[in-house]
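Read through the structure below, which is laid out as structure tokens, and then see the notes.
Bear in mind that the values in this text are calculations on the coordinates, not laboratory data. These numbers were taken from a predicted model, which means no experiment stands behind them. Cβ placement follows ideal geometry from the backbone for every residue including glycine, while neighbour counts extend to all protein chains displayed.
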Amino acid sequence: MLFHQQLTNKIIDKQAALKLVSEIQSKGQRVVFTNGCFDIVHPGHVDYLSQARDAGDFLVLGLNTDASVKLLNKAPNRPINSEFARAKVLAGLACVDCIVLFNEATPLELISFLKPNILVKGNDYAIEQIVGHDVVIKNGGSVITIPLLQGYSTSNIIAKILS
């Protein structure tokens, strides 16, 4: 299969993701889930996603749609990049195994649907604050936080561009 097709095949809907997650889990492998907007991908994102992938055998990235980003009350000009553009860039990362877009303000519905083994967020959240932590733990999974690479943020990049 051509590399370009492999990247395109990483962006799937939640039904396809459920089938894939079920297949992976049936082989005894651990599915990791994380989520975010990933508006302007920077070294902090790459560091975070690679550590998330290291936590298991397969990384599912829940990506906020453009409408979902608007629900988060970020700056009025966000997202800078469309959901399609963000998904294409993230699909190019070797550590990301698949990307599922979600329209809701949080990924709770997607987490509940996919039932990953491991839920990951940055250590700027306490485990009790992580959306879906209770669902994953109830299903026998675990929730971990990853230290964030300091000095990188989309907001800082936007501020620098505007200055």
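Across region 100-151, the number of residues qualifying as acidic (Asp, Glu), out of contact with any Lys or Arg (no Cβ under 9 Å at 6 or more places or on another chain) and closer than 23 Å to residue 12 by Cα comes to 1. Would you check if there is a residue in region 130-149 being part of a loop (DSSP other than H, G, I, E, B), closer than 22 Å to residue 29 by Cα, out of contact with any Pro (no Cβ under 7 Å at 6 or more places or on another chain) and free of Cβ contacts under 8 Å to residues at least 60 places away in the same chain? The answer is yes, given that some residue of region 130-149 is part of a loop (DSSP other than H, G, I, E, B), closer than 22 Å to residue 29 by Cα, out of contact with any Pro (no Cβ under 7 Å at 6 or more places or on another chain) and free of Cβ contacts under 8 Å to residues at least 60 places away in the same chain. Among the residues of region 1-22, those that are touching a residue at least 24 places away in the same chain (Cβ under 8 Å) and under 10 Å from residue 114 (Cβ atoms) comprise 14, 17, 18, 20, 21. In a residue-by-residue description of region 108-115, the property of being free of Cβ contacts under 8 Å to residues at least 24 places away in the same chain, of a type outside the set (Lys, Arg) and in a loop (DSSP other than H, G, I, E, B) applies to no position. Beta carbons closer than 8 Å, at least 6 apart along the sequence or on distinct chains, pair a first residue in region 81-98 that is in contact (Cβ under 8 Å) with a residue 24 or more places away in the chain and under 15 Å from residue 42 (Cβ atoms) with a second that is aromatic (Phe, Trp, Tyr) and outside any helix (DSSP H, G or I) for 86/38; 89/38; 90/38.
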